[in-house]
Every structure is written in C-alpha cells, then in structure tokens.
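Report on the structure given below.
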Amino acid sequence: MRQIAVIGAGLMGHGIALVLALGGHRVRLTDSRPETLEQVPDLMASALDTLREAGAVSADWTPARLAEAVQLLPDLAATVAGADLVIEAITENPEAKRSLFGDLARLCPPETILASNTSYLDVFPLIPEEWQARALVAHWYTPPYIVDLVDVVPGPKTDPAVVAEIRDLVTGLGQVPIVLKRFIPGYVANRIQSAISAEVYHLLDEGIASPREIDDAIIHGLALRIPILGHLAKADFTGIELLRHALANASYSPPPARTSSAALDALVAEGRTGVMAGRGFFDWGGRDPADLFRDRDRRLLALKQAMKAVGRMEGD
C-alpha cells in the first residue's frame, strides 16, 4: 500500500484517485478550485454505484469506505506530505504545470516519484533538474475506472527502475500499462484517434456523410473487429500481401492533420459543445449529464465484461 497524492480533482483526477483507492492505496486529492473539490464526493459515489451495479467491485466498497481511502485536502503541502508518488492531473497549460512542479520540488522529499497525466504536452522541460530521474508520464484514459489502458512514458533522464516501479503499480491495479521508449505527443491510442478524427472532419466538412452515418460506419465496421483482433492482428487475417498491394495501388491520400474544422466551428458558434451543454453533434434530449455519464459507464462495463468472456485472438 502506497501513500499517493493526486493534484487536480477534475474529470481525470478524481477518476484516477478512485482507481488507486480501489487498488488498495491511500490517496490524498487536492485542487486549486474549492468548488471542484466539493463535487468530488458525489462524482466518486456515482461512479462507485455504477461499478457495484456491474459487479466490477465488491459490495463492501461503500461511499463511507471510499471517503476513508481518499482524503480531500484544500492544501497542496498537506496533500503531498510523505507521499511516495505524486500524480499531476491539472490543466494542460505549460506555465501552470511549470509552477506546480517547482512547488512540488520544494515540498516533496527527494525519493518521491512524480507522474504527469498529460496527454499531449512534453512536460519534461518544465520539471526541475533535480527531479528528472524520478519523473515520468503516467497517462490514464477517461473514464479511468473502466478504461484499463495507461501510458507509461519516461523522460530523457528517467531512471529505468522508476519506470518499472510505475509499470508494476499499474499492473497491480488490474490495468494495462503500455511502456513507450520515449515521449511523443498523444502516445499511441490518441495518435491513432487523431488520424481517425482528421478523416472524420474531412468527411463532415466536405458533406460526404452525416455524423450518424460516420458513427454507424465506425460502430458496425471498425469497432466489431478491433476489440478481438486489434489492428495488426486483423491485418494478418486480411493477408499481408493484399495489404501491400492496397498500399501500392492506393488512389486516395488521407487528409493532412487539421488545425480547424468548419463543422466544429459551427457547433461551437451554436453553443453545441457536447454532453455538458445538452447538444453537440447529437441532441441528448435535455437529459442530466450525470445520467448520461452513468449510462455510458454502464454500457462500457457491459462491453468490457463481454470482451473478457469472448477473449482476444493473439499470436506470438
């Protein structure tokens, strides 16, 4: 059991704290915004209810037990005092992170490990030199208490023993660590998702297909096979020679990476910013966002359990 501090209690931070607590660790959680910290008990209790309903955690995990495992503190120094591991999950703002890392370097003992949950930002130039050997990225995906993937990424000076320690911690949580050789923005899953997004925005902006048609193509075409085979194992079933010919005979070039999309700009201009606003690409019927998140989580858990029962096909 470790003493772990999580800095930032927003969408990712409170979910990571929940995962760590369920994994048997003592957690302290803080946020610079008191109103964000105040929302945490309800958010975590709701997620815990969903996990219990699905049988993903034992029935003795009650909100009271969770409150004992995750201590909410308004003060940064008290949060990190004596912590074996500090996980940074604040906004993707370089200067905010630089300032926090400086504070943490003063407040934490030298043996403390620093892990950043950053998605795209190279945080290593922002971390004080004396902490470089014990700093790395540990990047969870939302919702972290259901999605098992965690990117573990060393910096240029990270001690390999620290990488192994965090990899083992993630494995001990029942999750799946992917250890990269070096930092690249977006890691693996997000980079593949970005490539899909570039094509999707092209299809939307060119008026080739509707949001519903695009999602149907993904759900009924790509998604059915990916959980069982991934992408490269699927290629083996298709046949490598056929794929080699497909590349050689390609008559279409994917769109380049995009910095804007007319479809996105139009939605934002209309205030259609997603589930929290009640509408985005789709109209969510005025449902409470909390209900929508619970519905999403229940479906993800059901799919996750079905995938475990089916199993994946793996070669050597």
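Since every read-out is calculated from the coordinates, none of them should be taken as a lab result. Predicted model, so just to flag it, every value in this text is computed and none were measured. No Cβ is skipped: glycine too gets one built from the backbone with ideal geometry, and neighbour counts run over all protein chains shown.
Among DSSP bridges having both ends in the chain, what percentage is antiparallel? Round to the nearest 5. Don't jump to the answer; show the numbers that get you there.
On the way: 7 of 30 bridges.
If I count the DSSP bridges inside the chain, around 25 percent turn out antiparallel.
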Can you give the calculated 222 nm mean residue ellipticity of the chain, where each DSSP H run of n ≥ 4 adds -39,500 (n - 2.57) and the sum is split over every residue, rounded to the nearest 500 deg cm²/dmol?
-> -14000 deg cm²/dmol
Please quote Rg/Rh for the chain to two decimal places, taking the Kirkwood radius as Rh and restricting both calculations to Cα atoms.
-> 0.98
Charge dipole (debye, nearest 20) of the stretch 3-179; +1 at Cβ of Lys and Arg, -1 at Cβ of Asp and Glu = 140
Have a look at the stretch 96-194 and give its Rg and Dmax from the Cα atoms, expressed in angstrom.
-> 13.2, 38
How large is log10 I(q)/I(0) at q = 0.16 Å⁻¹ when the Debye formula is applied to the Cα atoms of the stretch 189-310, each weighted equally and without solvent?
-> -1.08
Tell me, in nm to one decimal, what length is gained between Thr171 and Ala133 on full extension, where the rule is 0.36 nm per residue of separation less the Cα-Cα distance?
-> 11.5 nm
Before anything else, pin down the relative contact order of the chain: Cα pairs under 8 Å, at least 6 apart, normalised by residue count, whole percent.
-> 14
For a footprinting-style exposure proxy, rank Leu243, Leu149, Leu104, Leu114 by other Cβ within 10 Å, fewest first.
-> Leu243, Leu149, Leu104, Leu114
Pop a pseudo-label 7 angstrom from the Cα along the beta-carbon direction at both Arg65 and Ser99 and give the gap in nm to one decimal.
-> 4.0
Given 176-183, 195-202, 152-159, the highest-first ranking by average Cβ count within 10 Å works out to 152-159, 195-202, 176-183
Charged-residue dipole, Cβ positions (Lys, Arg, Asp, Glu), the chain about Cα centre, Debye nearest 20 | 480
In the neighbourhood of Glu213 defined by beta carbon distances under 15 Å, the net charge of the other residues (Lys, Arg +1; Asp, Glu -1) is -4
Please report how many Lys pairs in the chain have alpha carbons closer than 30 angstrom, counting only residues at least 8 apart along the chain or sitting on separate chains.
-> 8
Pulled fully out, how much extra length does the chain show between Arg33 and Arg299, if you take 0.36 nm times their separation in residues and subtract their Cα-Cα distance?
-> 92.6 nm
Compute the acute angle (0 to 90°) between the alpha-carbon long axis of helix 189-205 and the principal axis of greatest extent of the alpha-carbon atoms of the chain; round to the nearest 10°.
-> 50
Between Lys181 and His202, what is the FRET efficiency for a Förster distance of 25 Å, r being their Cβ-Cβ separation, to the nearest 0.05?
-> 0.20
Proportion of all alpha-carbon pairs of the stretch 230-299 beyond 20 Å (%) = 61
Under the Debye formula (equal points on every Cα, no solvent term), log10 I(q)/I(0) of the stretch 1-125 at q = 0.19 Å⁻¹ = -1.01
Just name one of Pro154, Ala105, Thr259: the one whose Cα is farthest towards the positive end of the charge dipole of the chain (beta-carbon charges, Lys/Arg +1, Asp/Glu -1).
-> Pro154
In terms of modelled amide H atoms, which long-range or inter-chain residues lie less than 5 Å from the amide H of Val6?
-> Arg28, Leu29, Thr30, Ile87
Post the alpha-carbon centroid distance, the stretch 29-63 to the stretch 268-292, in whole angstrom.
-> 23
With labels modelled as points extended 7 Å from the Cα through the Cβ direction, what inter-label distance (nm, one decimal) is found for Arg287 paired with Ser58?
-> 3.3
Relative contact order for the stretch 189-310: what is it in percent, counting Cα pairs under 8 Å that are at least 6 residues apart?
-> 24
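Among 47-58, 248-259, 78-89, how do they line up from the highest to the lowest mean number of other beta-carbon atoms within 10 Å?
Details: 47-58: 16.8, 248-259: 8.3, 78-89: 20.9.
Going by the mean number of other Cβ atoms within 10 Å, highest first, we get 78-89, 47-58, 248-259.
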Among Phe281, Leu232, Ala209, whose Cα sits farthest toward the positive end of the charge dipole of the stretch 189-310 (+1 at Cβ of Lys/Arg, -1 at Cβ of Asp/Glu, about the Cα centre)?
-> Leu232
With a point put 7 Å past each Cα toward its Cβ, work out how far Asp215 is from Ala246 in nm, to one decimal.
-> 2.6
